[in-house]
Amino acid sequence: MLKKFVDPLSIMETIHPTCLMQHKPYYEVTMQETFQKLHRDLPPTKVWGYNGQYPGPTFHVQRHQPVHVLWKNELPRHHFLPIDTTVHGAEKSNPEVRTVVHLHGGVTPDTSDGYPEAWFTRDFEKAGPYFTNKMYTYPNHQPATNLWYHDHAMGITRLNIYAGLAGMYVVHDHEEARLNLPSEPYDIPLIIQDRSFHEDGSLFYPSEPDQPVTVPHPPVVPEFFGDTILVNGKVWPYFNVEPRRYRFRILNGSNTRFYQLSLSNGTPFIQIGTDQGLLETPIRVPSLVLAPAERADVIVDFSNCEGQSIVMRNAFITQGEKPDPETTGSVMQFRVSKPLTCPDTSSIPAHLSSVPKLTHYQRTRTLKLNMRKDSYGRDIHLLDDRLWSDPVTETPKLGQTEIWNLVNVTEATHPIHLHLVRFQILDRQPFDRKRFEDHGEIVAAGPRVLPELNERGWKDTVRARAGEVTRIIMPFGPYPGLYVWHCHILEHEDYEMMRPYVVIR
Ligand SMILES: [Cu+2]
């Protein structure tokens with residue numbers, strides 16, 4: 001077992017534009033294979049990184065300042081992780097190494113959104129059927145928040161992200177700047193991911209089925225949990241802090257694992273933002289649940305913790321078990337060991353932003369999250385019982401607001417993400433499972449429960465729990481076009497729990 005808290009936290013570098021193009025910042029990012037030290041006692045690990053860095057460099061952009069990004073692929077022609085060629089999009093007839101970048105949470109025209117079938121290979125030699133353009137443009141007309149960019153290639157997203165293709169993208173604006181929140185160097189992104197390693201330091205990802213049935217080799221697995229937790233690409237790091245307030249922009253960038261984070265000395269998180277920006281007011285939370293792709297913007301006040309070593313713990317029950325504090329029950333350590341370099345003049349205002357409640361809508365859709373067995377007897381997760389290749393069924397009109405009732409008839413929570421839009425969670429309500437199984441009817445089995453206080457902001461990923469109807473409301477726009485919605489458990493997303501949708505004019 002790897003020793004915890006022996007490597008310092010690393011902080012991703014900020015990427016700078018190479019030049020201006022049509023008066024807009026222009027960035028070039030190259031995906032490269034590299035070997036990186038992830039722990040003191042591990043030999044360097046082969047990873048794929050944006051600009052050869054895992055995690056990729058952090059973008060800092062200003063609201064209303066569009067940027068161009070040229071995403072280039074200089075990866076090897078063969079994948080180093082096991083591809084299941086029976087998965088849609090990953091067939092033997094397609095190149096092994098395909099990439100396409102999605103800016104998660106970005107309000108982006110579809111030609112720059114990273115449609116899964118808009119993939120491209122090394123030096124743009126080959127491209128998928130929906131490939132339109134090499135250079136992407138991000139308009140950035142959205143409030144300050146923490147987005148992330150990651151790979152989204154059809155059928156191998158789980159492998160490409162696991163290999164390292166993910167990074168942060170922070171949108172800044174004047175409204176937020178006026179709040180006097182803790183700022184650099186006390187403003188730190190934290191990307192939490194789980195991984196498993198072979199003894200030689202190489203990444204482990206299952207290449208054998210987890211069930212005693214005859215399935216393709218290597219098989220897509222229904223879930224993947226690593227036995228080691230990394231933050232910003234380091235195994236169980238420590239971070240020396242001053243006795244003052246810090247802002248942490250936390251992202252769960254794991255494939256399947258959920259976290260319930262807390263601090264070992266009982267210090268609460270003061271949550272100030274959700275996936276899509278600031279909450280109305282700061283919310284004190286003793287612990288914080290994050291499903292894959294969810295973000296939480298938090299303040300932690302270490303000012304009364306001088307001399308302490310505080311562990312960020314994880315208590316989320318996974319596969320029926322509480323995580324072991326010695327392994328996946330620990331995330332990282334904060335050592336309040338540094339002297340105060342200057343007085344802390346930051347503040348946490350009582351009012352952060354306004355989040356007007358959406359009430360008017362034009363249409364409701366009821367969409368099941370369900371499961372079937374495939375022809376090999378494996379679990380196949382679906383959105384409304386449809387495959388990726390089935391005709392498009394969700395066609396909201398540009399500018400209209402819809403409520404989606406996500407009816408989860410499976411046994412697991414699915415973090416559901418829609419591209420392009422931001423939404424509000426209305427409520428969650430249990431339904432009678434027996435009645436559903438016997439008659440296919442959805443009948444309420446309890447009251448509607450409002451979202452948690454720290455979910456009452458703009459979101460782009462929602463935890464839809466088993467046996468519940470989760471209602472979300474969102475206006476569709478500002479762009480028409482072809483997008484996707486999907487479960488953000490990457491093993492589900494790759495194996496059919498993703499659907500195209502079209503915003504029509
Ligand atoms: Cu799922």
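Bear in mind these aren't lab numbers, they're just calculated from the coordinates by the rules spelled out. In this text the structure is predicted, and so the values were computed from the model without any measurement. When we count neighbours, we look across all protein chains shown, and the Cβ atoms used for this are built from the backbone with ideal geometry, even at glycine.
Peptides 72-79, 249-256, 381-388 ranked from most to least packed give 249-256, 381-388, 72-79, packing being the mean of other C-beta atoms within 10 angstrom over each peptide's residues.
A simple charge model with +1 on the Cβ of Lys and Arg, -1 on the Cβ of Asp and Glu and nothing else charged puts the dipole of the chain at about 880 debye relative to its Cα centre. The translational diffusion coefficient of region 19-173, from Stokes-Einstein at 37 °C and 0.692 mPa s with a Kirkwood hydrodynamic radius over alpha carbon pairs, comes to 205 µm²/s.
Pairs spanning more than 23 Å between alpha-carbon atoms, out of 357/434; 322/373; 46/72; 24/459; 72/459; 322/434: 357/434; 322/373; 24/459; 72/459; 322/434.
What dipole magnitude, in Debye to the nearest 20, does region 298-439 give about its Cα centre under +1 on Lys/Arg Cβ and -1 on Asp/Glu Cβ? Mind showing how you got there, number by number?
On the way: 18 positive and 18 negative charges, 72 e Å.
About 340 debye.
Global dimensions of the chain from alpha-carbon coordinates: Rg and Dmax equal 21.8, 66 Å.
Each other residue within a Cβ distance under 11 Å of residue 145 adds +1 if Lys or Arg and -1 if Asp or Glu, for a net charge of 0.
Straight-line reach from residue 3: taking Cα to Cα under 19 Å and skipping same-chain neighbours fewer than 8 places apart, the lysines in range are 37, 234. Sorting the Cα pairs of region 162-214 by distance into bins of 10 Å, from 0 upward, gives 15, 30, 21, 16, 13, 5 percent per bin. If R0 is taken as 45 Å, the Cβ-Cβ distance between residue 40 and residue 85 corresponds to a FRET efficiency of 0.75.
Packing, taken as the mean count of other beta carbons within 10 Å per residue, orders the peptides 165-178, 436-449, 307-320 from highest to lowest as 165-178, 307-320, 436-449. Scoring 146-157, 455-466 by mean Cβ neighbours within 10 Å over their residues and listing the highest first yields 146-157, 455-466. Fully extending the segment from residue 22 to residue 433 would add 142.3 nm, taking 0.36 nm per residue of separation and subtracting the current Cα-Cα distance. With contributions of -39500 (n - 2.57) from each DSSP H run of at least four residues, the per-residue ellipticity at 222 nm computed over the chain stands at -1000 deg cm²/dmol.
Between residue 177 and residue 123, the modelled labels are 4.3 nm apart [label points 7 Å from Cα along Cα→Cβ]. Between 353, 391, 485, the Cα set farthest toward the positive side of the dipole of the chain (charges on each charged residue's Cβ, about the Cα centre) is that of 353.
Placing unit charges on each Cβ (+1 for Lys and Arg, -1 for Asp and Glu) gives the chain a dipole about its Cα centre, and among 105, 410, 474 the Cα reaching farthest toward its positive end belongs to 474.
Dipole orientation for the chain: of the candidates 131, 283, 8, 283 has the Cα lying most toward the positive pole (charges on Cβ; Lys, Arg +1; Asp, Glu -1).
Over the residues of region 363-503, compute the C-alpha Rg and express it relative to 2.2 N^0.38 Å. Intermediate results must be reported in sequence, preceding the final value.
On the way: Rg = 14.7 Å, N = 141, 2.2 N^0.38 = 14.4 Å.
My calculation over the Cα atoms of region 363-503 gives 1.02.
Each residue, residue 317 and residue 354, gets one label point 7 Å from its Cα in the Cβ direction; the gap between the two is 4.2 nm.
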